[in-house]
Amino acid sequence: MRPLTLRSPLPVALLVALLVVPAIGGCEAPPAWTAPVEKLDRIVLSAFGTGPRDVWFAGGGLGSGPPGLAMHFDGAAFTDLPTGTTATLWWVFGLGPKDVWFCGEQGTILHWDGSAFTPSKSGTTETLYGLWGSSGSDLWAVGGKPNNPGVMLHFDGSAWSPAIGLPPPAGAYFKVWGSARDDVFVVGDGGAILHFDGSAWTAQPSGVDRSITLFTVAGRARDDVYAVGGRGTGVALHYDGKAWAPVPGLVTDDVNGLAGVAVSPVGDVAIGGFAGAKIRGRAAAWQNDSKSAPRDADFHGAWLSGPEDIFLVGGNFNAPAGVPRIGTIAHYGAALPTARR
């Protein structure tokens, strides 16, 4: 019997492609939750990025000793940058890679210009929990003591000054977000939601009980804004440009409070909360990943560039004073490098 021969052999390059490409494709891991940074000696309270390779994180020791946290991820490693302050940094917001703002305890406000941090005098010693702006000459910072009159400051490019014409305060303000300089939202104690139209602040009915705290507000347009909060039971609201209402299709009865929300430019949403709460989706299509690891962190902040590049940050910030702090950065998507600098 003659041996079988291939009279018209395929080119070697094509054979390799046929054999190798399916193998590579079959080895791709599906997107999943991982913790590229865990057991950090400081709580991570906020995340903000201009893209997948330019993500900033803010936090600190909450009185446990370590200095304020400013960490940067460039796609290859997480770099801990010296802030020069012992104050915990509660929020980070940027207008560009070389124009990033941080705020936190003791009225601390820092500006990163691409090479160094510069303190900015806020004029207050209260904790500032949130910061947002439409430009370098239009920034808002909010804070205060829980269950006490809130603090709201405005930066005109030269100096910070107290906001004027605010509705009667319901308590501290926790976060601020806007789509433009004439469309700014603030949330806080007592289910408070304030709106600025470029000339005046007004209170908007949130529809929640005054015992509810709203911790974070974020959106992508005047008619697509989210606010989250609650303790014991999570609260998630949506604003359609006319009124606030519970987020359609999102069940939060089994979620032990929500604290962070972020929205991508095309409408993808990431929400984080207590006891490992992790929710992602858009419109009426939601996925609750709270039972997925990591489950041992309370998440306070969120940021995403898309549905498969989501960061939730937190740690044991609800632990009693004096307990050593442990911070966590969780990520949904392809596995990230865990290198630290």
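The values are calculated or read from the model by the stated rules, or taken from the named source; none is laboratory data. Only a predicted model underlies this, so the values are computations on that prediction, with no experimental measurement involved. Every residue, glycine among them, receives a Cβ derived from its backbone with ideal geometry; neighbour counts consider all protein chains shown.
All but one of (1) among the hydrophobic types (A, V, I, L, M, F, W, C); (2) over 19 Å from residue 132 (Cα atoms); (3) out of contact with any helix residue (DSSP H, G or I) (no Cβ under 6 Å at 6 or more places or on another chain) hold for residue 103; state the number of the condition that does not hold. Of everything listed in (1) among the hydrophobic types (A, V, I, L, M, F, W, C); (2) over 19 Å from residue 132 (Cα atoms); (3) out of contact with any helix residue (DSSP H, G or I) (no Cβ under 6 Å at 6 or more places or on another chain), residue 103 misses just condition (2). Every listed requirement among (1) in contact (Cβ under 8 Å) with a residue 24 or more places away in the chain; (2) more than 21 Å from residue 265 (Cα to Cα); (3) assigned to a strand (DSSP E or B); (4) not acidic (Asp, Glu) is met by residue 154 save one, (1).
A quick yes/no check of all residues on (1) of a type in the set (S, T, N, Q); (2) surrounded by 13 or more Cβ atoms within 10 Å (Cβ to Cβ):
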position	(1), (2)
147	yes, no
151	no, yes
170	no, yes
180	no, no
184	no, yes
206	yes, yes
209	no, no
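Say whether the condition of being in contact with a helix residue (DSSP H, G or I) (Cβ under 8 Å, 6 or more places away or on another chain) and at pLDDT 95 or above is met by at least one residue in segment 42-53.
no
From the list 170, 218, 159, 192, exactly one residue is in contact with a Lys or Arg (Cβ under 9 Å, 6 or more places away or on another chain) and at pLDDT below 95. Which is it?
Answer to the selection: 170.
Looking for something surrounded by fewer than 16 Cβ atoms within 10 Å (Cβ to Cβ), of a type in the set (Ser, Thr, Tyr) and outside any strand (DSSP E or B) - is there at least one such residue anywhere in segment 110-127? Checked segment 110-127: at least one residue is surrounded by fewer than 16 Cβ atoms within 10 Å (Cβ to Cβ), of a type in the set (Ser, Thr, Tyr) and outside any strand (DSSP E or B).
State the number of residues belonging to segment 197-218 that are part of a loop (DSSP other than H, G, I, E, B) and of a type outside the set (Asp, Glu). Selection size over segment 197-218: 12.
Taking segment 205-239 as the range and being touching an Asp or Glu at 6+ places or on another chain (Cβ under 8 Å) and of a type in the set (Phe, Trp, Tyr) as the test, only 239 passes. Please go through (1) under 28 Å from residue 174 (Cα atoms); (2) surrounded by fewer than 19 Cβ atoms within 10 Å (Cβ to Cβ); (3) at pLDDT 95 or above; (4) not hydrophobic (A, V, I, L, M, F, W, C) for residue 75 and return the number of the only condition it doesn't satisfy. For residue 75, the exception is condition (1). Within segment 310-328, the set of residues being of a type outside the set (A, V, I, L, M, F, W, C) and in contact (Cβ under 8 Å) with a residue 24 or more places away in the chain comprises 314, 315, 316, 318, 322, 324, 325, 327, 328.
Has segment 186-193 got at least one residue that is touching a strand residue (DSSP E or B) at 6+ places or on another chain (Cβ under 9 Å), in contact (Cβ under 8 Å) with a residue 12 or more places away in the chain, over 30 Å from residue 98 (Cβ atoms) and part of a strand (DSSP E or B)?
The answer is yes, given that some residue of segment 186-193 is touching a strand residue (DSSP E or B) at 6+ places or on another chain (Cβ under 9 Å), in contact (Cβ under 8 Å) with a residue 12 or more places away in the chain, over 30 Å from residue 98 (Cβ atoms) and part of a strand (DSSP E or B).
Checked against (1) at pLDDT 95 or above; (2) over 17 Å from the mean Cα position of the chain (by Cα); (3) farther than 26 Å from residue 164 by Cα; (4) not in a strand (DSSP E or B), residue 242 meets all criteria but (3).
Considering 98, 175, 145, the condition of being more than 23 Å from residue 243 (Cβ to Cβ), in contact with a strand residue (DSSP E or B) (Cβ under 8 Å, 6 or more places away or on another chain) and of a type in the set (Lys, Arg) is satisfied by 98 alone. Name the pairs whose Cβ atoms lie under 7 Å apart, with the first residue in segment 43-54 and under 14 Å from residue 310 (Cβ atoms), the second at pLDDT 95 or above and in a loop (DSSP other than H, G, I, E, B), and 6 or more positions between them or separate chains? Correct list of pairs: 52/75. Any residue that is surrounded by fewer than 18 Cβ atoms within 10 Å (Cβ to Cβ), closer than 21 Å to residue 153 by Cα and not hydroxyl-bearing (Ser, Thr, Tyr) - is there at least one of those in segment 213-236? Looking through segment 213-236, none of the residues is surrounded by fewer than 18 Cβ atoms within 10 Å (Cβ to Cβ), closer than 21 Å to residue 153 by Cα and not hydroxyl-bearing (Ser, Thr, Tyr).
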